[in-house]
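> Shown below is the structure under consideration.
The values are calculated or read from the model by the stated rules, or taken from the named source; none is laboratory data. Just so it is clear, the model here is predicted, and its values are computed rather than measured. Counting neighbours? That spans all protein chains shown, and the Cβs are built from the backbone with ideal geometry, glycine included.
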Amino acid sequence: MKVLKFGGSSVANGERIKCVTDIVAQAAEREKVAVVLSAMKGVTDLLIDAAHKAEEGAEGPKTILETIRTRHFEAVRYLFAPTDQSAALTPLAIMCNELEEILHGVELLRECSPRTMDLVMSFGERLSCRLAAAYMRTRGMDAVLVDAREIVATDDRFGSAQVDFAKSYALIEKKLASIPGTAVIPGFIGATSKGVTTTLGRNGSDYTASIIGAGVRADLIEIWTDVDGVLSADPRIVPDAFVIPEVSSEEAMELSYFGAKVIHPYTMVPAVEKDIPLLIKNSLNPSAPGTLIAAAERIRRDSARPITGIASIEGISIVNIEGGGMMGIPGFAARIFSALARDGINIIMISQASSEHTICLVFRTEEGERALSALSRELALELETKRIARFELVRDMLVVSVIGENMHGTPGMAGRLFSALGRAGISIRVIAQGSSERNISFVIPEKDHTRALRTLHAEFLSGFGPAESAGKAH
């Protein structure tokens, strides 16, 4: 079996749903497939906005609900013959009425709990799947709508529910084995043991596809999005960026974490654990070969290409902690990390000199001020007694990460990288490299973003990919 997942831009309207059906129909001719769909592009945000407005008692929910209803009804009118439209519209109208009642309840209570928000958000995927499955059947396909809440078992951490993999895999295998045709499954949602609707958090539909693929031990999971694949750099900044034909799972996770937004690293875990390859494809350009993500030993690697890709994260702040009183004090770093954890602050990078005189922490800009406040409270005594000389907050910075399996064990990679940046006149504030040697990350001023990425791409990737293969987005 093959699992095909289509994102919001791929099912944004009737025209896009028709293209998706063409792709699914072609795949279903060759093998059994399961299809996972996101909500129409922008609908989840509309649902969240509607719930918040209902909680506030504002008039907005009715207008938003009408927008959602209109978009789905217009898709029906585009896709279905006039004689078939009534049958397609009725179940969608019933679902929209149910959503309206839920929002009315929120408005009356002036409260939208996380549990209720999950139920409201679930309507996006459920509407798009009911519409798409009905259209597939008019095209002669044996399409069966499968409620993800019957096969994806989770706990009750609403908003980002944790999946019970053993239970889910058993349910998935049994359910999909009983369906001779094509299963159409809403992404992003699951249910507790009591049948209460939950959502899987950020990039939940990709996660659903990975879970479904692992549950049926699929040969391949295809993630259809609106880009041609994983790119060597951001093409908005590097004009000659190109699609990388194949990357290892580890490289893909590194690239995704450091800004390449094709697929979120967490969503790949079930597929990676079951050694199932993922293929990133573009539903707007189906003929493009895409990018294959698989275990390192299954990848055909260009040994001449020194790195795989370059990624970056904008909006970064640095907090420097300096002081001779930190030297040789056991547990000092643990206090720093505990203080930040209590305030829910995530550290992107850490760098410490062997002298233990300075510790450098890297955060998203919106967390930099909070981090400084948390550390000031935790280390107030050390500041007063001069064991810590000072804190320094540096804003308007950028993380750049150079990633690739071929970097491992290759002498001179770091020297070549920093020499290229030096020739370009770019100053580096922080450096970090893992022992896997798969990633060298560093922090530079945001003003040097374009110059740094173009310099590194020219240094390491010039001549390894045709510029015309670059995607339109990253």
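> On the phi > 0 side of the Ramachandran plot, in the same structural domain as A458 (by TED's automatic domain parsing) and modelled with pLDDT of 90 or more - does that describe any residue in region 357-366?
Taking every residue of region 357-366 in turn, none turns out to be on the phi > 0 side of the Ramachandran plot, in the same structural domain as A458 (by TED's automatic domain parsing) and modelled with pLDDT of 90 or more.
> So how many residues does region 344-371 have that are touching a residue at least 24 places away in the same chain (Cβ under 8 Å), hydrophobic (A, V, I, L, M, F, W, C) and over 30 Å from I237 (Cβ atoms)?
Total satisfying the criteria: 1.
> Inside region 202-308, counting only strands (runs of 3 or more DSSP E) that do not spill past its ends, which hold 2 or more residues that are among the acidic types (D, E)?
none
> Can you tell me which residues in region 91-125 are charged (D, E, K, R), surrounded by fewer than 23 Cβ atoms within 10 Å (Cβ to Cβ) and in a helix (DSSP H, G or I)?
E98, E100, E101, E107, R115, listed by residue number.
> With the condition being in contact with a strand residue (DSSP E or B) (Cβ under 8 Å, 6 or more places away or on another chain) and over 24 Å from L109 (Cβ atoms), I'd like the helices (runs of 4 or more DSSP H) fully within region 1-82 carrying at least 3 qualifying residues.
It comes to 14-30.
> Which one of the conditions (1) in a loop (DSSP other than H, G, I, E, B); (2) surrounded by fewer than 22 Cβ atoms within 10 Å (Cβ to Cβ) does A161 fail to meet, given that it meets all the rest?
That leaves (2) as the condition not met.
> Quickly run through region 171-187 and pick out the residues that are without any contact (Cβ under 8 Å) to a residue 40 or more places away in the chain and over 22 Å from R30 (Cβ atoms).
K174, K175
> Right, next: Identify all residues within region 358-388 that are within 17 Å of A333 (Cα to Cα), crowded, with 17+ Cβ neighbours inside 10 Å and of a type in the set (G, A, S); write none if there are none.
A371, A374
> On the basis of being β-branched (V, I, T), at pLDDT 90 or above and under 25 Å from the mean Cα position of the chain (by Cα), does V400 make the cut?
Yes.
> Being of a type outside the set (S, T, Y), in the same structural domain as R126 (by TED's automatic domain parsing) and surrounded by fewer than 19 Cβ atoms within 10 Å (Cβ to Cβ): is that true of G195 here?
The answer is yes for G195.
> Mind counting the residues in region 215-241 that are surrounded by fewer than 24 Cβ atoms within 10 Å (Cβ to Cβ) and touching a helix residue (DSSP H, G or I) at 6+ places or on another chain (Cβ under 6 Å)?
So the answer is 5.
> Also: Inspect all residues belonging to region 452-461 and state whether any of them is of a type outside the set (S, T, Y), surrounded by fewer than 14 Cβ atoms within 10 Å (Cβ to Cβ), modelled with pLDDT of 85 or more and out of contact with any Pro (no Cβ under 9 Å at 6 or more places or on another chain).
No, that holds for no residue.
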